[in-house]
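Novice: Structure provided below as structure tokens; questions to follow.
The values are calculated or read from the model by the stated rules, or taken from the named source; none is laboratory data. Here the structure is a predicted model, which is why all the values come from computation and not from measurement. In this analysis, Cβ positions are derived from the backbone assuming ideal geometry, glycine residues included, and neighbour counts consider all displayed protein chains. To get the accessible areas, we keep the full protein, side chains included, count just its heavy atoms, and leave off ligands, DNA and RNA. Shrake-Rupley method; radii C 1.70, N 1.55, O 1.52, S 1.80 Å.
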Amino acid sequence: MIKINQACDLIIFGAKGDLARRKLLPALYKLEKFNKIHSNTRIIGAGRANWTKEEYIKTVKTAIKNFLNEDINEDIWNKFSLRLHFFNIDVHKELYFIKLKKMLNKTKNVIIYYCAVPPSAFNAIFQGLGKVNLNLLPSRIIIEKPMGICLKTCKKINDQISKYFLESQIFRIDHYLGKESILNLFSLRFSNSFFFNNWNNKVIDHVQITVSEEVGIENRWNYFDEMGQTRDMVQNHLLQILTIIAMNQPRDILPENIRNEKIKILRTLKTINSENINTKTVRGQYTSGNINGKKVPAYIEENGANSTSQTETFVCIKVDLENDQWFGVPFYLRTGKRLAHKYSEIVIVFKKMPINLFTKYNYNLSQNKLIIRLDPNENIKINFLKNLPGLHETYKLENDIIQSHCSKKTNENKIDAYERLLLESMKGVQSLFVCREEVEEAWKWIDPIISAWKQSSKNTLQLYTAGTWGPKNSDKIIMQDGRHWNKFDLK
Ligand code: BG6
């Protein structure tokens, strides 16, 4: 069933905020450029500012200019700007929601609310909409992380939203699900027999997921210090990647079937607690260093920092899955801020052949790998062995690569995750959004890790210099199993 793009009223709560300016507005402009927005769709910024419509349009243009990776085209802008409206609102006062309803009732458009505000403001919005029946079907609501900082706080948000909205109306964003390479994981796995039939512990040795960032915490010290890299990146993005790699083939691509398979995987993750925390995890925090020739401060010297913080800016975790398909295949996850490069990849490492004709003549034959690069330049590579051309005394093998590019070549045509996800929400398709059970299962697995760190006197925070690949000990997690991280390769 293909759903087409519908005429919508997209209300962005938090019109002035970072998310709206950096991500949502440039993404909407791009959708305009690709002619993906229905001609009657309106985009309504909502916030406390006392802007006129004209002032809002001016701010939107500045945001798009600042955060779009190409020049604004005036024809596209003129068309786009006609959709823009501003609505002044205090989300704690019912009166404003009554006024909002009047404004929205003027069209038959599907209403979509985007809560681009801190979670502390979520409930007031849910309640305000509920009180005046703006929550009724077919309206939809989009929320973004952080969805709590633990299972308990996550449940609280879910309980609050579900008082007013059905699960089928709720679109929880994990922007990694909108990335080209993550979509490719589905098509690679479920449309190619050579991957499909070789996707288990008989053939796969282990999996590596690396998400390395150059950025620090970008003036979000208070937010980040409460979260740490585990809650900020692993609980959502890295676990989503893991579930898509490990899930069974769903019956079809309907959201509920995809989500059910992902939930099953989250339930098979082996618990990490104070008994195994030291062999399964390493966490670190950056000290000052150099990135791209620029000096950067230590985490505890960032703006607004508390110099005694024990929050991790780097984490490496060995994850075991307890099911027949994946038993014995570790998934090594690592992610950190202020590392040497922005570089993210998934590496599926295949087992060595039990008997290999060529080992006698070639020492250290490398293992086959499927590498899916998320950043920079989304691509897929297959590493394999072949003959080194020429006259040799005997077989001489070399490692070679088949490579395929997965994103459009030019920046202007590249699709950003938010473009895809906004479009999907306008179509009303939930496959690329996360459901309640998924987020809660993820927290169930993360919570014991964080409490084990608090209890363990041995598992101390390792310092690493900004601009390196993280604490030296992070290699220990993979090397203790006789394995090593895939070599960083920008090609
Ligand atoms: C966000 C995190 O969800 O993802 C940020 O809050 C992080 O801390 C960002 O920097 C990374 O996203 P991307 O798409 O740049 O890999």
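Novice: Only one residue in L84, L24, L31 is of a type in the set (A, V, I, L, M) and either open to solvent by 40 Å² or more (accessible area, probe 1.4 Å) or in contact with an Asp or Glu (Cβ under 7 Å, 6 or more places away or on another chain) (or both). Which one? Lay out the reasoning, then the answer.
Specialist: Numbers: L84 fails: either open to solvent by 40 Å² or more (accessible area, probe 1.4 Å) or in contact with an Asp or Glu (Cβ under 7 Å, 6 or more places away or on another chain) (or both); L24 fails: either open to solvent by 40 Å² or more (accessible area, probe 1.4 Å) or in contact with an Asp or Glu (Cβ under 7 Å, 6 or more places away or on another chain) (or both).
That would be L31, the only listed residue that is of a type in the set (A, V, I, L, M) and either open to solvent by 40 Å² or more (accessible area, probe 1.4 Å) or in contact with an Asp or Glu (Cβ under 7 Å, 6 or more places away or on another chain) (or both).
Novice: Could I ask something else about it? Collect the residues in segment 178-217 that are within 11 Å of the ligand (Cβ to nearest atom) and either free of Cβ contacts under 8 Å to residues at least 12 places away in the same chain or hydrophobic (A, V, I, L, M, F, W, C) (or both), keeping them in residue-number order.
Specialist: Passing the criteria: I182, V211, V215, I217.
Novice: Is there a residue being within 16 Å of the ligand (Cβ to nearest atom), touching a residue at least 12 places away in the same chain (Cβ under 8 Å) and under 39 Å from the mean Cα position of the chain (by Cα) anywhere in segment 385-399? I'd like the intermediate steps shown before the answer.
Specialist: Restricting attention to segment 385-399, the residues satisfying the condition of being within 16 Å of the ligand (Cβ to nearest atom) are none.
Checking segment 385-399: not a single residue is within 16 Å of the ligand (Cβ to nearest atom), touching a residue at least 12 places away in the same chain (Cβ under 8 Å) and under 39 Å from the mean Cα position of the chain (by Cα).
Novice: Also, I was wondering about something else. Looking only at segment 342-364, decide whether some residue is open to solvent by 60 Å² or more (accessible area, probe 1.4 Å), in contact with a strand residue (DSSP E or B) (Cβ under 7 Å, 6 or more places away or on another chain), within 16 Å of the ligand (Cβ to nearest atom) and closer than 14 Å to F488 by Cα. I'd like the intermediate steps shown before the answer.
Specialist: Of all residues in segment 342-364, those open to solvent by 60 Å² or more (accessible area, probe 1.4 Å) come to 342, 351-355, 357, 359-361, 363-364.
Of the ones still in play, those that are also in contact with a strand residue (DSSP E or B) (Cβ under 7 Å, 6 or more places away or on another chain) are 342, 351.
From what's left, within 16 Å of the ligand (Cβ to nearest atom): 342.
Among the residues that remain, those that are also closer than 14 Å to F488 by Cα are: 342.
Looking for residues that are open to solvent by 60 Å² or more (accessible area, probe 1.4 Å), in contact with a strand residue (DSSP E or B) (Cβ under 7 Å, 6 or more places away or on another chain), within 16 Å of the ligand (Cβ to nearest atom) and closer than 14 Å to F488 by Cα, one finds at least one in segment 342-364, hence yes.
Novice: If the Cβ limit is 8 Å and pairs must be 6+ apart or interchain, which residue in segment 427-455 that is within 25 Å of G284 (Cα to Cα) pairs with which residue that is open to solvent by 20 Å² or more (accessible area, probe 1.4 Å) and of a type in the set (A, V, I, L, M)?
Specialist: W443/L151; K444/L151; D447/L151
Novice: Sticking with this structure for a sec: Give the residues of segment 218-231 that are assigned to a helix (DSSP H, G or I), within 20 Å of V296 (Cα to Cα) and within 9 Å of the ligand (Cβ to nearest atom), sorted by residue number. Explain how you work it out, then say what you get.
Specialist: Initially, segment 218-231 is screened for residues assigned to a helix (DSSP H, G or I), giving 221-231.
Filter once more, so that each one left must be within 20 Å of V296 (Cα to Cα): 221-225, 228-229.
Across segment 218-231, the qualifying residues are Y223, F224, Q229.
Novice: Scan V207, V211, V234 and give me the residue that is in a helix (DSSP H, G or I) and surrounded by 16 or more Cβ atoms within 10 Å (Cβ to Cβ). Full working, then the answer.
Specialist: Details: V207 fails: in a helix (DSSP H, G or I); V211 fails: in a helix (DSSP H, G or I).
Answer to the selection: V234.
Novice: Now a separate question. Go through segment 149-173 and give me each residue that's outside any strand (DSSP E or B), within 16 Å of the ligand (Cβ to nearest atom) and either closer than 30 Å to T107 by Cα or at pLDDT below 95 (or both). Lay out the reasoning, then the answer.
Specialist: Taking segment 149-173 first, the residues outside any strand (DSSP E or B) are 149-169.
Within this subset, residues satisfying the condition of being within 16 Å of the ligand (Cβ to nearest atom) are 149, 154.
Within segment 149-173, none qualify.
Novice: Return the total of residues in segment 53-67 being within 18 Å of D416 (Cα to Cα), open to solvent by 20 Å² or more (accessible area, probe 1.4 Å) and among the hydrophobic types (A, V, I, L, M, F, W, C).
Specialist: Residues that pass the stated criteria total 1.
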